[in-house]
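Read through the structure below, which is laid out as structure tokens, and then see the notes.
The values are calculated or read from the model by the stated rules, or taken from the named source; none is laboratory data. Keep in mind the model is a prediction, meaning the values are calculated, not measured. Please note: Cβ atoms are built from the backbone with ideal geometry, for glycine as well, and neighbour counts cover all protein chains shown.
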Ligand SMILES: N[C@@H](CCC(=O)N[C@@H](CS)C(=O)NCC(=O)O)C(=O)O
């Protein structure tokens, strides 16, 4: 059984989307940062960092967006979220997710100028392609959540990131993305990072 602890609008949105892409049943556990659900002893016993996403796989805990996305893509290959039999393409997906987790995500806390700089790197890496690693993958889900977060808080000047903006629109057209946005907005966004 898969259980996902998530907070609406937080980083956990990416694995939440992947679970909907895969289409398997899972136990969804919404958390409220305002109510400090992530600081409750029962949750800290699962994840001492007190962060979402946190996934339980038959009771075994997994944390970190990139790790959870990779697990879901590998466990449910029929969803087509990771290239198969192509080590270089698969490594490109991992490379994108490392870049997103280590460079793009922390930029929010630094400020708007750094955010523009790192999305400039992402724009250049995308290089006019529809999807980050050629075909749709978990890297696109990861990238989308960070850009969605920026868009939700005002976003960049119109036209400044044409490639990423087109990618965002492509993502917004996916049923799994629309469904998760609907579910999370219905609970109420809490947007820490
Ligand atoms: N490196 C982690 C970052 C996860 C993260 O920053 N989660 C934030 C929400 S976006 C969180 O749970 N913050 C609550 C806290 O730190 O108290 C990942 O990629 O999963």
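Couple of notes before you dig in:
- Checked against (1) surrounded by fewer than 17 Cβ atoms within 10 Å (Cβ to Cβ); (2) closer than 21 Å to residue 182 by Cα; (3) free of Cβ contacts under 8 Å to residues at least 40 places away in the same chain, residue 31 meets all criteria but (1).
- Scope the range 150-193; condition part of a loop (DSSP other than H, G, I, E, B), more than 16 Å from the ligand (Cβ to nearest atom) and touching a residue at least 40 places away in the same chain (Cβ under 8 Å); matching residues: 156, 160, 161, 174
- Residue 114 more than 12 Å from residue 138 (Cα to Cα) and at pLDDT below 95: no
- Of all residues in the range 77-92, exactly one satisfies the criterion of being out of contact with any helix residue (DSSP H, G or I) (no Cβ under 7 Å at 6 or more places or on another chain), in a loop (DSSP other than H, G, I, E, B) and under 21 Å from residue 127 (Cβ atoms), namely 86.
- Test for residue 57: is it within 16 Å of the ligand (Cβ to nearest atom) and surrounded by 15 or more Cβ atoms within 10 Å (Cβ to Cβ): no
- Qualifying residue in the range 123-135 (condition: within 20 Å of residue 180 (Cβ to Cβ), out of contact with any helix residue (DSSP H, G or I) (no Cβ under 6 Å at 6 or more places or on another chain), more than 14 Å from the ligand (Cβ to nearest atom) and in a helix (DSSP H, G or I)): no
- Residue within the range 141-152 that is modelled with pLDDT of 95 or more and surrounded by fewer than 18 Cβ atoms within 10 Å (Cβ to Cβ) present: yes
- Residue match in the range 94-107 (condition: within 16 Å of the ligand (Cβ to nearest atom), assigned by TED's automatic domain parsing to the domain that holds residue 29 and free of Cβ contacts under 8 Å to residues at least 24 places away in the same chain): no
- The condition (being modelled with pLDDT of 95 or more and closer than 23 Å to residue 181 by Cβ) is satisfied by just one residue among 57, 68: 68.
- Scanning the range 45-54 for any residue that is modelled with pLDDT of 95 or more, within 10 Å of the ligand (Cβ to nearest atom) and in a strand (DSSP E or B) turns up at least one such residue.
- Count of residues meeting criterion [within 15 Å of the ligand (Cβ to nearest atom) and within 15 Å of residue 96 (Cα to Cα)] in the range 60-83: 7
- The number of residues in the range 69-102 being at negative phi and more than 14 Å from the chain's Cα centre (by Cα) comes to 17.
- Single unsatisfied condition, residue 15 versus (1) in a loop (DSSP other than H, G, I, E, B); (2) in contact with a strand residue (DSSP E or B) (Cβ under 8 Å, 6 or more places away or on another chain); (3) near the ligand (Cβ under 9 Å from one of its atoms): (1)
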